[in-house]
Structure formats: structure tokens, C-alpha cells
Amino acid sequence: YDNMIMWSEVGKDGFPDLNYKLLKEPVINIFSAPSFLKFEYSNTFIIFTRNTINRFVLKGTASGWSGSAESLIEEQLQHGLFAPKSLAKIGGELLWFSEEGVIRWSSEGMQNISGNVIDIPLSGDYLGFYCSMGNQYILHDNATYVSYVYDMTYRMWSKFKGLNIISASTLSRGSEAENYNLLLNAQTKTINRYPGTDYTGEDAHIKTMDLFMDSGQIK
């Protein structure tokens, strides 16, 4: 079943019939707990569904996990993984797109970093990847070709248009310092390097602040 997780005994490759747990929703992704999560998160897997984040604790024996109520703990509601391909591990942090917006989970806690900052339409098809040269998390919409860029250092958003990609990965340049992204083009099926060496001819528009006024007046 889509909402079932199963496991083998330690060092084995078979799945005993009773070694399973059922979640409320279909499982979208399973991730090892980031390094900043300590104590109660030690030896733990994080299980994402659309609306929830669950903690699977690997304590005791594998045969005892299915009967233990403490082995599967529901952690968060409404911060689940809405766009399956948006999840990215950056250093010791996790970033993904939820139904509430882009979530950043770090040692400072879980934060909605896009709420009331940038308007990102709701979609489950976003592709998220890390650009190490700029220390940026990029959330790409291949339906509109718009990329939403979050600067991890300065904690600011920007966006641009033009990429058409279905997959992204990072390539180390060996003896050189930069790590480039390799982007697979959705139409031509070619692999492009990002960032490139040429500058775009498009104009850039900078918005410093949005002001919302109920009465239409500034006092």
C-alpha cells in the first residue's frame, strides 16, 4: 500500500509479514534525520507525506518496532511535502515546498521562509535543487519556466525566467573551487551547465518592499 512502510531484520534481505507500519497518507519521501536534530532524533528517519511529517525511531529490535506506539510519531501538520521533487538537503538543513509555502528546517527550527514575502503559486510539480556557487536554493516551475531563488546567506528571494529543466545535479570541478549544476533540458534532452559564462540581455526588476494599506492612506 502507498501508506505502508516495511523493513527487514537487521542484516537480512527479507521482509517479515509483521514488520510494517501504516501512515494516514501515502508516503512521498523518507529521509535520514539531519545532523542538527539531536537527542530525540538520534537514529531516526523522517517520513514525509503531503500534509504531515513523521518521525520513525529505530530503538529496540526491528521485530518490536511494529508493535511499539513510540516507534512512529507524527511531528508536524500542514508542513508536509506537497511537491515531491522540491525536497533538498543543504548542509545540515532541509528545504521543501509545502502547501503553506517553502519550509526551511534548520537548527533554528522550522520556518516558512516564503510566507508574506514572495507569491509562489501552489503546484506539486516544482523541482528544487541547491546551487552551491551562490549558496542558493532554487525552486523551479517547468510549466511557466519561472525559477524562485532563495539566498541562504542573506535570506532574500528573487526570481527569473528561462530555464526548462526536468532534473538537476551538482558536479565538482575537482581541483578547482567551483561546483556547477548540471541541468537536463526537458525539450532538447541536452545537459547544460549552470551558472553559465554569458550574461542575459533581459532587464532586471528590483522590488524593495510591498506595502499593504487597508484604508489606502499612509499615516
Rounded to the nearest 10 Å², the accessible area of V117 at probe 1.4 Å: 100
Qualifying chymotrypsin sites (Phe, Trp or Tyr not before Pro) for the stretch 160-219 [loop in DSSP, other Cβ within 10 Å: at most 11]: Y199, F212
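By the gyration tensor of its Cα atoms, with a ≥ b ≥ c the square roots of the eigenvalues, what is the shape of the stretch 115-172: rounded for a/c under 1.5, prolate for a/b over b/c, or oblate?
Working: a/c = 1.94, a/b = 1.05, b/c = 1.86.
Verdict is oblate for the stretch 115-172.
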Exposed-site-free run, longest, the chain (rule: GluC sites (Glu not before Pro); DSSP loop; at most 11 other C-beta within 10 Å): 1-69
Heavy-atom accessible area ranking, 1.4 Å probe, most first, across S175, S32: S175, S32
DSSP-assigned coil residues among trypsin sites (Lys or Arg not before Pro) in the stretch 124-210, each with at most 15 further Cβ atoms within 10 Å: R155, R173, K189, K207
Per-residue HN-Hα couplings for the stretch 113-124 [Karplus 6.51, -1.76, 1.60; θ = phi - 60°; Hz; x = Gly/Pro]: 8, 10, x, 6, 10, 9, 8, 10, x, 6, 7, x
Structure-derived Kirkwood radius over Cα pairs in Å - corresponding label in [x] 18.1; [y] 19.3; [z] 19.8: [z]
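Accessible area per residue of the stretch 23-178 at 1.4 Å probe, in Å²?
Computed with neighbouring chains in place, this is 50 Å² per residue.
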Potential extension, D17-N29 segment - 0.36 nm per residue separation minus Cα distance: 2.1 nm
Part-to-part distance (alpha-carbon centres) for the stretch 65-92 and the stretch 102-116, which is given in Å: 15
Within the accessible area of the chain (1.4 Å probe), percent carbon and sulfur: 51
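The values are calculated or read from the model by the stated rules, or taken from the named source; none is laboratory data. In this text, all values refer to a predicted model and were calculated from it rather than measured experimentally. Cβ atoms come from the backbone with ideal geometry, glycine included; neighbour counts cover every protein chain shown. These accessible areas exclude ligands, DNA and RNA; they are computed on the full protein's heavy atoms, side chains included. Shrake-Rupley method; radii C 1.70, N 1.55, O 1.52, S 1.80 Å.
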